[in-house]
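Following: one structure in structure tokens, then a few remarks.
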Protein chains: 2
Amino acid sequence: MRVFIVSAHPEPKSFNTALRDLSIRVLGDLGHDVRVSDLYDMGFNPVADAADFNDRQNPDYLVYALEQRHGYENKTLAPDILGEIEKVLWCDLLILNFPLFWFSTPAILKGWIDRVLISGLTYGGKRFYDRGGLKGKKTMVTLTLGGRPHMLTDDGVHGRLEDMLRHLLRGTLYYTGMSVLPPFVAWHVPYISDQDRGDYLQAYEERLGQLNDLEPLAFPSLDEFDDKLNRLT
Amino acid sequence: MRVFIVSAHPEPKSFNTALRDLSIRVLGDLGHDVRVSDLYDMGFNPVADAADFNDRQNPDYLVYALEQRHGYENKTLAPDILGEIEKVLWCDLLILNFPLFWFSTPAILKGWIDRVLISGLTYGGKRFYDRGGLKGKKTMVTLTLGGRPHMLTDDGVHGRLEDMLRHLLRGTLYYTGMSVLPPFVAWHVPYISDQDRGDYLQAYEERLGQLNDLEPLAFPSLDEFDDKLNRLT
């Protein structure tokens, strides 16, 4: 399997980065091909703007999604975007490895999503969800957070983690057509013992050996909706 | 009322920016004091990293939230962050005005959230939700999107917009203690007529005249939970 890991933690010595480094080693040992974009290390630019397009379809008025299509067709997108798109298209599995910032990705990773998962290629019109442009690929979120598990359950103070991450798991990753594997979550990371961190590393190693056996998260199919996206009854 | 508008659209001639400009005018006419941070125009840096701290509590290992606290107490946070914090503390109402990118904010605005809504001031330990550091202030999201209303209902293909925005409305804005007014949403914006856009501008003007009468969104109170954040029965 070809695995593309996109990671985003501002501290190279963090436990989050240790999970990333473990996955590079373990996936390699398992015979997978692995490529990595460490967004902080790359100094990745997260700001979607006119500078992303070297040849504008409409120089007077920026519709970002339309220029994405035009720039991809004409190979005039910014080189850093094209480089990331090449890796997305190459991979069978995309792993996003990040610390939870405000129940979402750090901005540097949000910008990777905004700029790299381009219109026309990953989605467009009614090509989304199980008709999305990246259908056939798998994806998994690997995240660390400060909260404890009981805070993010149905009855917990924040409700379910999957509900807080709906914009990402369903609204972004599944939107592009990818099968979304269950997130790997390391809880309460700033406060736990070395022993507990070791247990998480071991659990992640086990998880990485089970990638083909994991059941993806269940989301609606577009088959449940008509051409105007009204629910079929 | 003192109103702080944070806006983030890459096209200054966009309809999204027109809503922003309308609100500046209308709120002024209504006698409110208005300040604006146009993040694209400012070239705002959205990347949370070590450069945000001019005096590190721990130079060897970056725990971003801890350095936020230290940097705020010692006034050694990066000047752009301090400038934004000053405006957040000044305001009675914070408006986030942005186009929906992947069911969330553009990365430049996510970075504003990551860097400006600092630990220790806006939240910390069990100071969140209705005990958050910004309690007493109001906030409202004003957003434009391409989708149609029927796609974001209970029965729609994406479910409710409020559920897609849970990480922002509840997990971020309410987290800091602010009262979250119902979002103002302009639907299907790239595809609608000038007449429809005019109707949205008029509806927004009406909305801005009703700010004191709007019922905030309902979220759990920490009074429903014990000291360990287990739900009281």
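The values are calculated or read from the model by the stated rules, or taken from the named source; none is laboratory data. Note that this is a predicted model, so its numbers are computed, not measured. Because the Cβ atoms are built from the backbone with ideal geometry, glycine has one as well, and the counts that use them run over all protein chains shown. Note: accessible area is taken over every heavy atom of the protein model, side chains too, but ligands, DNA and RNA are not part of it. Shrake-Rupley method; radii C 1.70, N 1.55, O 1.52, S 1.80 Å.
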Is it the case that segment B:206-215 has a residue that's within 14 Å of B:Thr17 (Cα to Cα) and among the small types (Gly, Ala, Ser)? no
Filtering segment A:1-42 down to residues that are away from chain B (no Cβ under 14 Å) and aromatic (Phe, Trp, Tyr) yields A:Phe4
Restricting to segment B:100-139, what's the tally of residues that are open to solvent by 20 Å² or more (accessible area, probe 1.4 Å) and in a strand (DSSP E or B)? 4
For segment B:198-206, does any single residue satisfy the condition of being surrounded by fewer than 20 Cβ atoms within 10 Å (Cβ to Cβ), polar (S, T, N, Q) and either more than 10 Å from every other protein chain (Cβ to nearest Cβ) or closer than 21 Å to B:Met1 by Cβ (or both)? yes
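Within segment B:151-172, can you find the residues that are touching a residue at least 40 places away in the same chain (Cβ under 8 Å), assigned to a helix (DSSP H, G or I) and open to solvent by less than 40 Å² (accessible area, probe 1.4 Å)? Explain how you work it out, then say what you get.
We begin by selecting, within segment B:151-172, every residue touching a residue at least 40 places away in the same chain (Cβ under 8 Å); these are B:158, B:162, B:164-165, B:167-170, B:172.
Retained after the next criterion (residues that are assigned to a helix (DSSP H, G or I)): B:162, B:164, B:167-170, B:172.
Correct list: B:Met164, B:His167, B:Leu168, B:Leu169, B:Arg170, B:Thr172.
Which ranges mark the helices (runs of 4 or more DSSP H) fully within segment A:12-99 that have 3 or more residues being of a type in the set (D, E, K, R) and within 28 Å of B:Tyr40 (Cα to Cα)? Lay out the reasoning, then the answer.
Details: elements: A:15-29, A:39-42, A:64-73, A:79-90.
In segment A:12-99, A:64-73, A:79-90 are the helices (runs of 4 or more DSSP H) which contain 3 or more residues that are of a type in the set (D, E, K, R) and within 28 Å of B:Tyr40 (Cα to Cα).
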Looking at A:Thr142, is it in contact with a Phe, Trp or Tyr (Cβ under 7 Å, 6 or more places away or on another chain), touching a residue at least 40 places away in the same chain (Cβ under 8 Å) and either more than 8 Å from chain B (Cβ to nearest Cβ) or open to solvent by less than 10 Å² (accessible area, probe 1.4 Å) (or both)? yes
